[in-house]
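This report concerns only the one structure given below.
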Amino acid sequence: MTAQQSRKALRRAERRRRLSRSLLLTAGAVIAATVIALGGVGGTYALWSKASPAMSTTTLTAGTASMSVSQPDAFSLLAPGRTVSRPFTITNTGDTDVQAQVSTAGFSGTLATVATVQITDSPTCGAGNVVWSRTPSTRSNDGTVIATVRKGQSKTLCMNIAIDSAAPASTEGTTMTNSLSIVGVQP
């Protein structure tokens, strides 16, 4: 959220608070005037003292947002101009729907300077929509929602790692370590 969006949100919240306060004061004044007016008329007391059955006790229970993420198989035989893809599955083990988000992403090693990492919504690692990506020039897309997973269901996505076709010869035989933290939040 930008600073301008934050200021606008604060102004809207302040307007809502002022409006709520004004409505509560007006409602309070109307109720007080009504009670005073009806208090002077003895015959209307029964209207205000009528009993109604008590509401039965209700138990409220909070839901749980919980999920597991399978580890994709290791990536190997990466070469300039080549993309290697591996599926992984997000399983909602809670009792409420969750939005899976990339919380943090860390990439290190020589190959990280020439690698593009993407997550697509293709369960077979075929053509699919890119839902998250990281290139050497864009280091982070943290907070990006990659999937909504309904309670008790799973969603398979695909991680693709591509090495730039113009990767220098100095990257030959080098490695890259990648770390993605995926969290689930209630929508």
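Across the range 135-155, the number of residues qualifying as over 16 Å from the mean Cα position of the chain (by Cα) and modelled with pLDDT of 85 or more comes to 3. Residue-level analysis places THR113 outside the set of residues that are among the β-branched types (Val, Ile, Thr) and either out of contact with any Pro (no Cβ under 7 Å at 6 or more places or on another chain) or closer than 16 Å to SER70 by Cα (or both). Inside the range 61-90, residues that are in a loop (DSSP other than H, G, I, E, B), surrounded by 11 or more Cβ atoms within 10 Å (Cβ to Cβ) and free of Cβ contacts under 8 Å to residues at least 40 places away in the same chain make up a count of 3.
Counting the residues of the range 95-110 that are touching a strand residue (DSSP E or B) at 6+ places or on another chain (Cβ under 7 Å) and surrounded by 14 or more Cβ atoms within 10 Å (Cβ to Cβ) gives 9. Taken over the range 79-114, the criterion of being modelled with pLDDT under 85 and small (Gly, Ala, Ser) is satisfied by ALA79, SER103, ALA105, GLY106, SER108, GLY109, ALA112. So, of the residues in the range 91-114 that are part of a loop (DSSP other than H, G, I, E, B) and of a type outside the set (Gly, Ala, Ser), which turns out to be nearest to the chain's Cα centre (by Cα)? Step by step, filter the range 91-114, then rank; the result is ASP97. Among the criteria (1) surrounded by 14 or more Cβ atoms within 10 Å (Cβ to Cβ); (2) within 27 Å of VAL185 (Cβ to Cβ); (3) of a type outside the set (A, V, I, L, M, F, W, C), the one ASN129 does not fulfil is (1).
The values are calculated or read from the model by the stated rules, or taken from the named source; none is laboratory data. This one's a predicted model, so the numbers in the text were calculated from it and none came from an experiment. Cβ: placed from backbone, ideal geometry, glycine included. Neighbour counts: every protein chain shown.
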